[in-house]
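The structure under discussion appears below in the form of structure tokens.
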Amino acid sequence: MTHPDLASKLRKLHALSAALVFAGIIGSATVTQAAPAYPERPVRIVVPYGPKSDTAGYTRLLVTAARKVIASSEFIEDHRVGDSGAIAASEVKLAPADGYTLLMGRVGSQVIAPALKPSLPYRWNDFTFIGVVEIDPLLCAVRSDSPYTSARELMHALRVAPGTLKYSHSGTGTIQNVSAQYLMRLAGAKFGSVEGVSFPGGPEAATALIAEQVNFLCSNAASLVQPIKDGKLRPLFTTAPGRMPGLPDVPNAREVGLRDLSTLNGWSVLVGPPGLPAPVIARWREALRQVAKDPGWVAAMTERGAMPAIGTTKDSERFIKEQAEFYERLAPLLRAQQ
């Protein structure tokens with residue numbers, strides 16, 4: 001027989017337990033209601049360069065593929081152009097960390113600009129890294145009727161014909177400008193002996209070369225593959241690790257004796273403001289994994305001369321860190337030529 005006091009205590013404990021379970025159910029429902037599924041409204045993807053830029057092209061391709069796996073009413077492509085991509089990066093760094101403002105960062109905006117201009121209000125690691133999207137090798141090219149038929153001939157001209165050559169680029173802190181300046185340094189060209197002409201983006205810089213406004217260009221492959229196939233431009237070399245599938249006859253930098261240039265590549269990385277919530281990061285990383293399997297995405301990247309990089313860089317932050325350290329070492333040499 002149960003003692004009366006013990007029975008009373010058991011009844012009270014049972015009642016308390018039931019109350020706690022009920023409170024837990026209510027609390028769980030409250031938490032669920034307070035944390036709705038992401039995304040519930042349009043996601044703004046900030047692009048550091050113009051609507052015709054390679055970055056804009058990669059952003060549209062990513063959005064097209066991501067729509068298949070992320071239920072969102074809308075993705076907004078928002079261009080914030082200026083200061084070699086620093087305007088866009090600065091804005092996203094200060095945006096609310098809710099997953100509704102992201103940045104399609106580029107090598108220029110994320111590591112080159114901060115390395116060349118320490119006064120910028122951000123550094124390479126002031127963002128939440130979601131994932132590297134693609135890596136696109138550089139192509140150095142001249143017009144098809146140019147007298148320069150090899151990298152060696154162009155470098156010789158850079159060294160012995162000061163004041164006669166021009167190159168196009170899309171801003172002081174962009175990969176086009178940095179690669180051309182590094183090429184000039186390797187050639188032994190004197191400071192100020194080659195003029196750089198700035199344009200809004202890579203495609204416009206390529207058009208300037210075709211239109212004979214400049215003599216050479218080193219740019220993302222995406223801007224140059226088609227003009228090369230059309231016979232308007234002559235490729236001299238790429239910075240790809242091997243031969244590019246779409247241009248198998250074009251040597252890479254190592255093959256022409258310019259091993260130091262092989263580190264210079266374009267790339268895109270999806271980032272958010274610092275402190276992005278873990279569920280948002282997980283949602284996007286899973287979406288990127290799905291995009292990486294999309295045959296349409298892979299085909300589009302290959303067609304543009306880019307290497308799909310989703311999932312190939314084990315740690316996006318580590319990859320960007322290595323790139324940042326490279327350009328920080330290179331910065332004093334490049335600043336001396338500006």
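The values are calculated or read from the model by the stated rules, or taken from the named source; none is laboratory data. What you are looking at is a predicted structure, and each value in this text was computed from that prediction instead of being measured. Glycine also receives a Cβ, built like all others from the backbone with ideal geometry; neighbour counts cover every protein chain displayed.
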Which residues, taken from region 69-116, are closer than 25 Å to residue 219 by Cβ, of a type outside the set (A, V, I, L, M, F, W, C) and not in a helix (DSSP H, G or I)? 77, 78, 79, 80, 82, 105, 106
I'd like to know if region 307-322 contains one or more residues that are in contact with a Leu (Cβ under 8 Å, 6 or more places away or on another chain), not assigned by TED's automatic domain parsing to the domain that holds residue 189 and not in a loop (DSSP other than H, G, I, E, B). no
Can you tell which of 288, 334 is in a helix (DSSP H, G or I) and farther than 18 Å from residue 132 by Cα? 334
Take the residues in region 154-177 that are out of contact with any Ser or Thr (no Cβ under 9 Å at 6 or more places or on another chain) and in a helix (DSSP H, G or I); name whichever of them is surrounded by the fewest Cβ atoms within 10 Å (Cβ to Cβ). 160
Quick check: anything in region 117-125 modelled with pLDDT of 95 or more, outside any strand (DSSP E or B), surrounded by fewer than 24 Cβ atoms within 10 Å (Cβ to Cβ) and basic (Lys, Arg)? yes
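Condition first: in contact with a Ser or Thr (Cβ under 7 Å, 6 or more places away or on another chain) and not basic (Lys, Arg). Can you find one or more residues in region 309-327 that meet it?
yes
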Of (1) assigned by TED's automatic domain parsing to the domain that holds residue 67; (2) buried (at least 22 other Cβ atoms within 10 Å of the Cβ); (3) touching a strand residue (DSSP E or B) at 6+ places or on another chain (Cβ under 7 Å), residue 291 fails just (3)
Residue 41 vs (1) in contact (Cβ under 8 Å) with a residue 12 or more places away in the chain; (2) basic (Lys, Arg); (3) out of contact with any Ser or Thr (no Cβ under 9 Å at 6 or more places or on another chain): all pass except (3)
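Quick test for you: out of 292, 331, pick the one residue that is in contact (Cβ under 8 Å) with a residue 12 or more places away in the chain and in contact with a helix residue (DSSP H, G or I) (Cβ under 7 Å, 6 or more places away or on another chain).
Values: 292 fails: in contact with a helix residue (DSSP H, G or I) (Cβ under 7 Å, 6 or more places away or on another chain).
The unique qualifying residue is 331.
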Going through region 197-236 in order, the residues found to be surrounded by 20 or more Cβ atoms within 10 Å (Cβ to Cβ), modelled with pLDDT under 95 and of a type in the set (S, T, N, Q) are 219, 220, 223
Being within 22 Å of residue 297 (Cβ to Cβ) and charged (D, E, K, R) is the filter here; which residues of region 79-109 pass it? 106
Kindly evaluate residue 206 against the criterion of being small (Gly, Ala, Ser) and assigned to a helix (DSSP H, G or I). yes
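Among the residues of region 258-266, are any among the charged types (D, E, K, R), over 30 Å from residue 227 (Cβ atoms) and modelled with pLDDT of 85 or more?
No, region 258-266 contains no residue that is among the charged types (D, E, K, R), over 30 Å from residue 227 (Cβ atoms) and modelled with pLDDT of 85 or more.
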Taking first residues from region 46-72 that are surrounded by fewer than 23 Cβ atoms within 10 Å (Cβ to Cβ) and second residues anywhere that are polar (S, T, N, Q), the pairs with Cβ under 6 Å that are 6 or more apart or on different chains are 69/290
Please verify whether region 110-122 includes one or more residues that are free of Cβ contacts under 8 Å to residues at least 12 places away in the same chain and of a type in the set (Val, Ile, Thr). no
If you check 58, 49, which single one turns out to be under 16 Å from residue 199 (Cα atoms), touching a Lys or Arg at 6+ places or on another chain (Cβ under 9 Å) and assigned by TED's automatic domain parsing to the domain that holds residue 104? 49
